[in-house]
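Everything below concerns the one structure shown next.
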Amino acid sequence: MKKGQRMTAVTNVKGVGEALGKALVANGFKTAEAIAKAKPADLVKVPRIGAARAPLLIAAAKDAVSSNPAAKPTAKPAARRTAARKPATRKPAARKTVAAAAAEKRAQEAARKAAEEKAAAEAAEAKAKKKAKAKAKAEKAAKKRAEMEAVFSKAKDKVKAKTKKGKKSKKDDKAKDSKKKDDKKSSKKKDKKKAKK
């Protein structure tokens, strides 16, 4: 960087308060420009910065650097005074971020719970439908079975009646045959008697 060009303080980065600013400086990130050039893996090593927060801080640092009027020479004490004044206004924003994150977490939890309840309701509905389908199938099968039994019983009765009729006609035929034989015998006896006379 050219001599006399103002460096952007780490506390000018959105989301960086006094405590985080000190942690960043202690880990070698003394300016917003240093944060903007850093890789997320480097920032994760700083306490209070996680994998999700690191890329956000890099983006915020790039914004802070781009909004800083370049090549505007200023006295160093003034820059320090600005850095000292900023943390007080930044702190509530950091608290808001934590509150927003907590609210987002609660919303995600509620959404997950709602999704689980919906899935459970859908599963119960599917189970009830399956049960109703099985019941209807069983009733249909029972009805068909009853119809088949009725048809079978009717056919059985028909066969029985036919068999009975057949037996009766055979009996009648036998009776007729035996009557004929008896008639023949008696006529023969009569003929013999006549012949004897």
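Taking D172, is it modelled with pLDDT of 75 or more and out of contact with any His (no Cβ under 8 Å at 6 or more places or on another chain)? Reasoning before the result, please.
Details: modelled with pLDDT of 75 or more: no; out of contact with any His (no Cβ under 8 Å at 6 or more places or on another chain): yes.
No: the conditions fail for D172.
For segment 32-60, how many residues meet the condition of being open to solvent by 60 Å² or more (accessible area, probe 1.4 Å), of a type in the set (A, V, I, L, M) and either closer than 17 Å to K14 by Cβ or assigned to a loop (DSSP other than H, G, I, E, B) (or both)?
4
For A136, state whether it is at pLDDT below 80 and open to solvent by less than 60 Å² (accessible area, probe 1.4 Å).
On the way: at pLDDT below 80: no; open to solvent by less than 60 Å² (accessible area, probe 1.4 Å): yes.
The answer is no for A136.
Looking at (1) modelled with pLDDT under 85; (2) within 23 Å of A101 (Cα to Cα), find the lone condition where K72 falls short.
Result: K72 fails condition (2) only.
Which residue pairs have Cβ atoms under 6 Å apart, sit 6 or more places apart or on different chains, and have a first residue in segment 50-67 that is closer than 17 Å to K30 by Cβ and a second that is among the hydrophobic types (A, V, I, L, M, F, W, C) and outside any helix (DSSP H, G or I)?
A60/V13; A61/V13; A64/V13
The values are calculated or read from the model by the stated rules, or taken from the named source; none is laboratory data. In this text the structure is predicted, and so the values were computed from the model without any measurement. Using ideal geometry, Cβ is built from the backbone for each residue, glycine included, and neighbour counts are taken over all protein chains shown. Surface areas here come from the heavy atoms of the whole protein model, side chains and all, with no ligands, DNA or RNA. Shrake-Rupley method; radii C 1.70, N 1.55, O 1.52, S 1.80 Å.
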